[in-house]
Amino acid sequence: MAMAVFRREGRRLLPSIAARPIAAIRSPLSSDQEEGLLGVRSISTQVVRNRMKSVKNIQKITKAMKMVAASKLRAVQGRAENSRGLWQPFTALLGDNPSIDVKKSVVVTLSSDKGLCGGINSTVVKVSRALYKLNSGPEKEVQFVIVGEKAKAIMFRDSKNDIVLSVTELNKNPLNYAQVSVLADDILKNVEFDALRIVYNKFHSVVAFLPTVSTVLSPEIIEKESEIGGKLGELDSYEIEGGETKGEILQNLAEFQFSCVMFNAVLENACSEMGARMSAMDSSSRNAGEMLDRLTLTYNRTRQASITTELIEIISGASALEAAK
């Protein structure tokens, strides 16, 4: 009813308005300012709609990434648990003494190639830097071997000169022992060491992982510790059969121990990466849902305010025309 009155009165007053000089009815605002004032409501609701659409798309991506991480975790978790039996006999025989004092130490840092997996990469980097400080000295040498793109990007900032070898895209293909043993062989050929300290994240659950350091000693250090009757003194109780000497056996044991420890460490770190990514993507999906709720409320309020303002303007215009009769 108000709209009909407004149109009728507008047609009646149109000849008198058109007869006036143009300068008398020109708005004091420029055309850009007028467009800005007239389009405020439509632009604000459009911005909110675009924002809601973006958040919905991000939520779909995070949910998909969570499902992919869960699938990969199920595939790797069983293999990681089974690989723990490979290195445990070596630890019982040769020991695992991370506090041993040697001249040449090599810190092998395992990280992921991709991000969006919480703080697992920063954690292993912090532990690696702590080991560097603990084992540094006037007559000591500490070097790094980096496995993974994320740790490489962080460590290159301040420890570029101490990195002797870096490997990336290890998890591009399904992990197997042959692949990791080739990596272990490359490390043994390219670095000189008295002790190898492997830093990785040991998998406990989807939401829990523990930064772990495993130590592999060189054959010379093992024989030296065995001779002085340290923690490795039980080696003398075993009889050596065949034509191999004790040094050759220790060399083979050290190489095989390092490959087994590396295989387990790579699988444990992959499980920790997938679990951390699942948790991160789940949190992101929940945050996106909460943001959508807030944006929906904002959009409804803005739309309601726009409708209310338009109704007030129409009713006020109709009332003014009724009063002018």
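Couple of notes before you dig in:
- Taking region 298-320 as the range and being more than 14 Å from Ser44 (Cα to Cα) and not polar (S, T, N, Q) as the test, the residues that pass are Glu310, Leu311, Ile312, Glu313, Ile314, Ile315, Gly317, Ala318, Ala320.
- Residue list for region 153-180, filter: of a type in the set (S, T, N, Q), over 26 Å from Ser136 (Cα atoms) and surrounded by fewer than 17 Cβ atoms within 10 Å (Cβ to Cβ): Thr168, Asn173, Asn176, Gln179
- Meets criteria (open to solvent by 60 Å² or more (accessible area, probe 1.4 Å) and aromatic (Phe, Trp, Tyr)) for Phe193: no
- Residue count for region 130-152, restricted to those that are surrounded by fewer than 18 Cβ atoms within 10 Å (Cβ to Cβ), among the charged types (D, E, K, R) and outside any strand (DSSP E or B): 3.
- Taken together, Lys56, Lys114 contain a single residue that is under 30 Å from Asn300 (Cα atoms), modelled with pLDDT of 90 or more and not in a strand (DSSP E or B), which is Lys56.
- For region 54-90, filtering for residues that are more than 23 Å from Ser205 (Cβ to Cβ) and either touching a residue at least 24 places away in the same chain (Cβ under 8 Å) or under 24 Å from the mean Cα position of the chain (by Cα) (or both) leaves 9.
- Within region 265-289, the set of residues being open to solvent by less than 40 Å² (accessible area, probe 1.4 Å) and either out of contact with any strand residue (DSSP E or B) (no Cβ under 8 Å at 6 or more places or on another chain) or farther than 27 Å from Pro174 by Cβ (or both) comprises Leu267, Ala270, Met274, Arg277, Met278, Ser279, Ala280, Met281, Ser285, Ala288, Gly289.
- Residue list for region 300-325, filter: open to solvent by 50 Å² or more (accessible area, probe 1.4 Å) and of a type in the set (Gly, Ala, Ser): Ala305, Ser316, Ser319, Ala320, Ala323, Ala324
- Selection within region 153-183 - free of Cβ contacts under 8 Å to residues at least 40 places away in the same chain, polar (S, T, N, Q) and either in a helix (DSSP H, G or I) or out of contact with any strand residue (DSSP E or B) (no Cβ under 8 Å at 6 or more places or on another chain) (or both): Asn161, Asn173, Asn176, Gln179
- The listed residue being open to solvent by less than 40 Å² (accessible area, probe 1.4 Å), closer than 21 Å to Lys56 by Cβ and either at pLDDT 95 or above or not charged (D, E, K, R) (or both), out of Leu297, Leu292: Leu292
The values are calculated or read from the model by the stated rules, or taken from the named source; none is laboratory data. Here the structure is a predicted model, which means the values were calculated and not measured. A quick note on method: Cβ atoms are made from the backbone with ideal geometry, for glycine too, and the neighbour counts reach across all protein chains shown. Quick note on the areas: whole protein, heavy atoms, side chains included, nothing else; ligands and nucleic acids left out. Shrake-Rupley method; radii C 1.70, N 1.55, O 1.52, S 1.80 Å.
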